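Worksheet: the structure to be examined is printed underneath.
Each reported figure results from applying straightforward, stated rules to the coordinates on display, with no laboratory input. As the structure is a prediction and not an experimental result, all values here were calculated from the model. When we count neighbours, we look across all protein chains shown, and the Cβ atoms used for this are built from the backbone with ideal geometry, even at glycine.
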Amino acid sequence: MIKPIKICQNPDCGDEIVVYKSSKINYCNDYCRNRAGYLRRKEDNKEFDEINKGHKQNYKVLKVYSDAGILSEYLWKFEKLGFDTRFLPEQRFFSIDNKKTLCYQLKDIIFRLDEKDNKIEIYKKKTN
């Protein structure tokens, strides 16, 4: 009995699988199986990865301003350096000057977006 020729399910490969022991085989080798799994997981986590990249970029811009001692600046200047308001983390209450204030936090930087003046104000997180 002649076995049907199968096609490797790895999107990067697509080679024919001529010799195989089981009819359940989907990949020509372990590399193709692992690569196909990686590509599938990468596609499944695409939105999560995009948000993480946005948070990293926003943190880099905030860190530049924070390290330079610039703690209040117009939003458009942040955006010019790559800050993106689509990737803001969830707001939480922080005690700023003994007053509960709704702010964002990325790693060690606490900041808020002043809607009225269209400015970002950076507050340094106290480290113990």
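Structure notes:
- Listed candidates (i) -0.72, -1.14; (ii) -0.80, -1.23; (iii) -0.94, -1.18 - label of the one calculated as log10 I(q)/I(0) by the Debye sum over Cα atoms at q = 0.16, 0.22 Å⁻¹: (ii)
- The C-alpha atoms of the chain define a longest principal axis, and helix 46-68 lies at about 30 degrees to it.
- Taking GluC sites (Glu not before Pro) across segment 61-124, the ones in a DSSP loop with at most 15 further Cβ atoms lying within 10 angstrom of their Cβ are E90, E115.
- What you get for segment 33-127, charging only the Cβ of Lys and Arg (+1) and of Asp and Glu (-1), is a dipole of about 480 debye around the Cα centre.
- Relative to the longest principal axis of the Cα atoms of the chain, the long axis of helix 30-44 lies at roughly 40 degrees.
- Within the chain, helix-based [θ] at 222 nm, where runs of 4 or more DSSP H residues each add -39,500 (n - 2.57), nearest 500: -11000 deg cm²/dmol
- Charge dipole magnitude, Cβ of K and R +1, D and E -1 - segment 1-55, Cα centre, debye nearest 20: 300 debye
- FRET efficiency, 1/(1 + (r/R0)^6) with R0 35 Å, evaluated for Y38 and I2 via beta carbons: 0.55
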